[in-house]
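Asks: Structure in structure tokens, see below.
The values are calculated or read from the model by the stated rules, or taken from the named source; none is laboratory data. The model shown is predicted, which means the values in this text are computed figures rather than measured ones. Glycine gets a Cβ as well: all are built from the backbone with ideal geometry, and neighbour counts include every protein chain shown. Heads up: the accessible areas ignore ligands, DNA and RNA and are worked out on the full protein's heavy atoms, side chains in. Shrake-Rupley method; radii C 1.70, N 1.55, O 1.52, S 1.80 Å.
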Amino acid sequence: MVQCSIMNTDAGISSSKIVDSTSSWCQLEICYTVSMKQTGQYSMVHKATQSSPSPVLSFVERGPQDAESSHVTAVDSEHGCPKSGNESTSSKTMRDVHISTRLMEDFLEVAKENTEKDLETCGILGAFLAKGTLYMTTLIVPKQESTSSSCQATNEEEVFAILNERSLLPVGWIHTHPSQNCFMSSVDLHTQYSYQVMVPEAFAIVLAPKDTSRSCGLFRITDPDGMSILKCCPETGFHPHKDPDNGSPTYEQCSNVYKNSNLRFEIFDLR
């Protein structure tokens, strides 16, 4: 028997599900399990080669009682993210989103092999809603096809099976720019549009380890200006987008996302 639990001490929420991994409901073959530990904190990475309907993971650990949350737009200097800037276009109407303080660091570790080969890596962020706040507790790394400037998820039905089983919302996505600057390309913007049109709070995390001025960015498309441009754009591949007529940007830095040191998360590596 495997017990899967999600805990968030800030929200006072704990949910669990008992799964018999030998039953017909979920048959899986685990290749390996990796724990990434530092100062007593960790996230669990489990890689499954066969699953129906999705891999079973272990638990999300309870955080320290004195943990705090802070804006991601003032991320630690080690990640190179900028300080908080102007308020985003819809921050007053959007729900807050909490992510783990270790999300970016642990994703870079998962993506390390690809990054060393100058290949992008992408992942999908799943969150549950509690008391008007979205808590990101699941990172799914799908099967994918990558180049130095693009990353295309494949077998996306596996991703949505995991989200549906755990009643999670696709609150955003994360990907690397292994040799480029930290920005949103036209392809990235169309990908972000597909998330943001489903969940208005959805955001994109770009990690660019070789960008010395900004190695991390959390972005969303401006609403309604940028969203209107993307909605009407029929182009595919890399192409230019015109700026909104009122002079506002097409995309912007998020201001409703917070780093929460109490929040732990699971990683599904489906590659």
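Asks: Just one of Leu163, Leu168 is open to solvent by less than 30 Å² (accessible area, probe 1.4 Å), without any contact (Cβ under 8 Å) to a residue 40 or more places away in the chain and closer than 20 Å to Arg264 by Cα; which is it?
Replies: Leu163
Asks: Okay, moving on. Identify all residues within the range 137-158 that are closer than 25 Å to Gly226 by Cβ and surrounded by 19 or more Cβ atoms within 10 Å (Cβ to Cβ); write none if there are none.
Replies: Cys151, Ala153
Asks: Next up: Hand me the list of strands (runs of 3 or more DSSP E) wholly inside the range 129-186 holding 3 or more residues that are closer than 26 Å to Ser261 by Cα.
Replies: Once the strands (runs of 3 or more DSSP E) in the range 129-186 are filtered for at least 3 residues that are closer than 26 Å to Ser261 by Cα, what remains is 133-141, 169-176.
So that you can scan it fast, the table gives a plain yes or no per residue for (1) among the basic types (Lys, Arg); (2) under 15 Å from the mean Cα position of the chain (by Cα); (3) surrounded by 23 or more Cβ atoms within 10 Å (Cβ to Cβ):
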| position | (1), (2), (3) |
| --- | --- |
| Arg95 | yes, no, no |
| Ser100 | no, yes, yes |
| Glu105 | no, yes, no |
| Leu108 | no, yes, no |
| Glu116 | no, no, no |
| Leu119 | no, no, no |
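Asks: Is it true that Arg214 is out of contact with any Asp or Glu (no Cβ under 6 Å at 6 or more places or on another chain), open to solvent by 30 Å² or more (accessible area, probe 1.4 Å), closer than 25 Å to Gly123 by Cβ and of a type outside the set (Asp, Glu)?
Replies: Answer is yes for this residue.
Asks: Shifting gears a bit: Which numbered condition in (1) more than 18 Å from Thr250 (Cβ to Cβ); (2) crowded, with 19+ Cβ neighbours inside 10 Å; (3) of a type in the set (S, T, N, Q) is the only one that Gln192 fails?
Replies: Result: Gln192 passes all but (1).
Asks: Filter the range 229-265 down to residues that are charged (D, E, K, R), under 25 Å from the mean Cα position of the chain (by Cα) and over 21 Å from Val199 (Cα atoms), then give me how many there are.
Replies: Result for the range 229-265: 1.
Asks: I've got another one for you. Based on what the data block shows, is Ala202 of a type outside the set (Ser, Thr, Tyr), in contact with a His (Cβ under 8 Å, 6 or more places away or on another chain) and modelled with pLDDT of 95 or more?
Replies: Answer is no for this residue.
Asks: Based on this model, can you work out whether Phe238 counts as part of a loop (DSSP other than H, G, I, E, B) and of a type in the set (A, V, I, L, M, F, W, C)?
Replies: Yes; evaluated as a whole, the condition is true for this residue.
Asks: How many of the residues in the range 229-240 are open to solvent by 40 Å² or more (accessible area, probe 1.4 Å) and touching a Ser or Thr at 6+ places or on another chain (Cβ under 6 Å)?
Replies: Final tally of qualifying residues: 1.
Asks: Could you figure out which of (1) surrounded by fewer than 22 Cβ atoms within 10 Å (Cβ to Cβ); (2) over 30 Å from Ser261 (Cα atoms) isn't true of Gly226?
Replies: Failed condition: (1).
Asks: I'm told Phe183 meets every condition in (1) open to solvent by 40 Å² or more (accessible area, probe 1.4 Å); (2) touching a helix residue (DSSP H, G or I) at 6+ places or on another chain (Cβ under 7 Å); (3) closer than 17 Å to Met104 by Cα except one. Can you identify the failing condition by its number?
Replies: (2)
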